[in-house]
1. Sorted by average packing, counted as other Cβ atoms within 10 angstrom per residue and highest first, what order do 112-122, 314-324, 214-224 take?
2. How much length is gained on full extension from Asp223 to Asn296, taking 0.36 nm per residue of separation minus their Cα-Cα distance?
3. Run the simple label-point estimate for Ser110 and Arg320 please: 7 Å along Cα→C-beta, distance reported in nm.
4. May I ask you to order 150-158, 245-253 by the average number of other C-beta atoms within 10 Å around their residues, highest value first?
5. Report the label-to-label distance for Arg50 and Asp234 in nanometres (one decimal), using points 7 Å from each Cα along the Cα→Cβ vector.
6. Looking at the chain only, what percent of DSSP beta bridges run antiparallel? Nearest 5 please.
7. Can you give me the Kirkwood hydrodynamic radius for region 104-240, using every pair of distinct Cα atoms, in Å to one decimal?
8. Rounded to the nearest 0.05, what FRET efficiency do Asp185 and Gln93 give with R0 = 22 Å and r taken as the Cβ-Cβ distance? Could you check?
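Values in this text are rule-based calculations from the coordinates and carry no lab data. Quantities reported herein were computed from a predicted structural model and do not represent experimental measurements. Cβ placement follows ideal geometry from the backbone for every residue including glycine, while neighbour counts extend to all protein chains displayed.
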Amino acid sequence: MPSHTIEIKDEDETVHFHYKDHEEEPCHYNEVVTLTNKWQYNMSTEQFLRKIPKVELHVHLDGSFEPSLLFDHLRETGDYSCLPDQSYCPWDQSMLDVRTIVEKCETEDSFRALCTCRGKRSLNAMLENFTIFIPIVRGNLVLIENLAMDFVKRQAKQNCIYTEVRYSPHLLAEGGDIGGSGKVDPRPVVDAVTRGLREGEKLYGVKVNQILCCINWKPDWADDVVDIAHERKDDFPCSIVGIDIAAGEEHFDEDNFSELHNPHNKAFQRAQELGLNVTIHAGEVGDSKFVRKAVNEYGATRIGHGYQIAKEPNLMEEMRRKNIHFELCPTSSDETGGWSYHDEESRDWMKHPAKAMLRYGLNCGFNSDDPAVFATSLTWQYRIAIGKIGLTKHCIVKALQHSINSAFIDDDTKAALRTRVEDFLENTDTF
């Protein structure tokens, strides 16, 4: 195929190419092309990134719920009673008028805007998006199962052959409002997600396992997460292969948030005793020292994000020696403020912390985090890595190999994934 020069824009992150033999990529979350901040992109590179078998270790199921499916569900049922009048946002102690906000949406686009976080550069703003759309799904096991199956389809469409998808079963369960205080049963949610993932595996021929998330602001849920992960760690296919803590890093701060720290820390000590795999959000927007705590106290072998350590060579060296894997999410790092810069004019992707971390020799891979919320995809993270951060195809392959090596799977499965990637590289003319 001849090589064409194309211009890709980066604001809403969708791409259209105009050439004869183009195999159109399925539109992921209604991505839309923009043309600001032009960067040159070779068609051979685009074909390489579309077709290479991918592995994703950091993607949230609830952050992947396609807004059009949620909006259609509301319109078809005509039932808005699932939405609370208000929801509590513990990160700033505010109340959000959820039902009023959603009922005002007359079009899919207006609803999508409520579910999408772009240009705010705030982790809390992103969490607010979840507060709006999660109640639509909460306790609806049929819908949850269908959304899990849809997730697998979307992974397969971008040639992601292995995924570890994470979610909080409590947040999706009946009564699982983050501001609630009643008893929540997360197991039916895990059952529904597992059914959907298994059906998706059968239909689309890719492999998916699960990671269960504790929630920073709900320490009383942590023991349940450890129990379920231990009970179902060998429940293949689509087993639970690890645990995480999401939605903030305050739980690391034992001086100011002992009520969050102590129960989570105790639960993760027990998880280590049970031999559970641990990955934790740390050093995303919180202090870099939280990365060290996640590894040394909570038993993490993988870190979600971790961008703050890029400023600290000594900490990077410690993590390099311990071979800790960092789950990098470029778009997410920009939208949550995990990647810090002063203003839009000073944003230089060539100075993204991922570059410093990779140059230092850290074990890193690329991920989409919350593709629906950030209106992006895993393939787009690869595009950003090459087209904007300035990495080479060889660096992308090395990061992919890091992800395979750091996945919470057995050696035989890792070997099979490596073979898929190696076969592609041997038979492509785009590498």
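1. Details: 112-122: 17.9, 314-324: 15.7, 214-224: 21.5.
The peptides rank, most packed first, as 214-224, 112-122, 314-324.
2. Roughly 24.3 nm would be gained on extension.
3. According to this spin-label approximation, the distance is 5.4 nm.
4. Packing proxy ranking, top to bottom: 245-253, 150-158.
5. A separation of 4.4 nm, rounded to one decimal place.
6. DSSP beta bridges in the chain are roughly 20 percent antiparallel.
7. This gives a value of 16.0 Å.
8. 0.20
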